[in-house]
Amino acid sequence: MRILIKNAFLVRPEGVEKGDLLTEDRRISRLGGTIDAPADKVIDAEGCYVFPGFIDTHTHFDLEVGSTVTADDFPSGTRAALLGGTTTVLDFATQERGMTLMDAYRKWQNKAKGCSCNYGFHMAMSEWNEARIAEIPLMIENGVTSFKMYMVYDNMRLSDGVIYEAIQRLAREDCVIGIHCENDDIIKSRVRELKAAGKTASRYHAISRPNLVEADGVGRLMDAAYLAGGPAWVVHLSTKEGLDIARRARERGQEVYLETCPQYLVLEEAMYDAPDGAKFVMSPPLRSRADQEALLQAMTTGEIDWIGTDHCSFTMAQKAAGQDDFSKTPNGGAGVQNRAEIVYTRAVKGGYIDLPAMAELLSTRAAKLFGMYPKKGALLPGSDADIVVFDPNAPHTIHAATNLHRCDNSPYEGYEAAGKTRDVILNGVLAVENGTILATGLGEYVKRDRCGRYRK
Ligand SMILES: [Zn+2]
């Protein structure tokens, strides 16, 4: 199968240049200038940008949280991802206590059957002992080279000492570990305090987890990583205070990777007061305009490494569990389809970053760190034919009803996006044409190499 993209603006690190691109079977075979070659399919991309397929570094599909399971499973979540231009998702396989890492890996491989975009796993660990540590080489053999630990949630929380040991041990293997940074003890006390005062509405979710609760977690992570001599990776950074601490760690020579999410760039705390405010209950919570501005500024300077969605969808009926108690609301929101159009609208059209930076934030840096580059994350001859044709002149309003995810709400409901993904090539096959999915279930497991620690 040969697909020829004509008249596109090719977005590459060195700049944006008008030209054609040819894929042959599963690879990019040529790009740049005028290409006149026979093809099974010709796409006229006049006026559109061509990006390397986007990589979502942070999804939770088919995740059980207590007695609830997310609205999206892998088939529904990856269809929505694909339509939004995401050709690879990295989901968090979760090792519950008493499970082996291999159990969790197999469980997630099973869940991921029928994916419509490519997929890989980070391994979220809830235990750190000799048996689990002994499984790390097996994970690497299976292409799982990134891990995660939580400072919060009773069923997952691990100590700072464990985080220190894990960073040290995994750095030796060129693996990285992302940390959910918050101070669990203070959150618990504040939740008790708020509930005792009868403050149970959704807005108190944010008040229970203020900026300093995240900043404290980021600070402890930075110090642990400094002492361990390994990389520090903050998942879903949401505050200017956390950013400042990470910045200081870099100034003292640390290798720091920062992820943020679209919700921290366009949504804000005041939204909890809406009648459907429960849909914004996620952790970290929505912040202020000043936090958005700090994160956007950090994107202009290259300090933010990539943007993942933290897609973790629950229906309004599921969210209603927290109707009389915000702390019982399942945490998370749906965003997997909307990442590129929001980043384009807010950060590129908003004048913060240029198109090559958008490619870096949505694809290239994640491909590098997570051991997929240059197969993924690059428009280069020989790279995988995972390609996005993005139309910058396609104004539209985001609605849950027209999103493809299997969830009856969207935190981005009513958001006015300036452009959108038009066509997607996945593994050399035209999988989305003109905003319509042509092929589902073509996603393949991405067995990843060790991490490309580009900030080392
Ligand atoms: Zn998450």
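The values are calculated or read from the model by the stated rules, or taken from the named source; none is laboratory data. Note that the structure is a prediction, hence the values are computed from the model and not measured. For neighbour counting, all protein chains shown are included, and Cβ atoms are generated from backbone atoms with ideal geometry for every residue, glycine included.
Remarks
- Complete set of residues in the range 285-307 that are part of a loop (DSSP other than H, G, I, E, B), buried (at least 22 other Cβ atoms within 10 Å of the Cβ) and in contact with a Leu (Cβ under 8 Å, 6 or more places away or on another chain): LEU286, ILE304, ASP305
- Filtered residues of the range 342-360 (kept if surrounded by fewer than 24 Cβ atoms within 10 Å (Cβ to Cβ), in contact (Cβ under 8 Å) with a residue 60 or more places away in the chain and of a type in the set (Ser, Thr, Tyr)): THR345
- Those residues of the range 308-341 which are crowded, with 24+ Cβ neighbours inside 10 Å, more than 16 Å from the ligand (Cβ to nearest atom) and outside any loop (DSSP other than H, G, I, E, B), in sequence order: LYS319, PHE326, ALA340, GLU341
For (1) under 27 Å from PHE121 (Cβ atoms); (2) at pLDDT 95 or above; (3) β-branched (Val, Ile, Thr), each residue gets a yes or a no:
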site: MET282; (1), (2), (3): yes, yes, no
site: GLU293; (1), (2), (3): no, yes, no
site: THR309; (1), (2), (3): yes, yes, yes
site: LYS319; (1), (2), (3): yes, yes, no
site: VAL348; (1), (2), (3): no, yes, yes
site: LEU361; (1), (2), (3): yes, yes, no
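- Selection of the range 422-438 for residues being in contact (Cβ under 8 Å) with a residue 24 or more places away in the chain and either assigned to a loop (DSSP other than H, G, I, E, B) or touching a Lys or Arg at 6+ places or on another chain (Cβ under 7 Å) (or both) yields ASN427, GLY428, LEU430, GLY435, ILE437.
- Every condition in (1) among the charged types (D, E, K, R); (2) within 16 Å of the ligand (Cβ to nearest atom); (3) free of Cβ contacts under 8 Å to residues at least 12 places away in the same chain is met by ASP223 except one, and the failing one is (2).
- Considering the range 36-60, and only residues there that are within 16 Å of the ligand (Cβ to nearest atom) and in a strand (DSSP E or B), the residue that is nearest to THR70 (Cα to Cα) turns out to be THR59.
- ASP276 surrounded by fewer than 17 Cβ atoms within 10 Å (Cβ to Cβ), more than 16 Å from the ligand (Cβ to nearest atom), touching a residue at least 60 places away in the same chain (Cβ under 8 Å) and over 19 Å from the mean Cα position of the chain (by Cα): yes
- Selection of the range 404-444 for residues being touching a Phe, Trp or Tyr at 6+ places or on another chain (Cβ under 7 Å) and exposed (fewer than 15 other Cβ atoms within 10 Å of the Cβ) yields an empty set.
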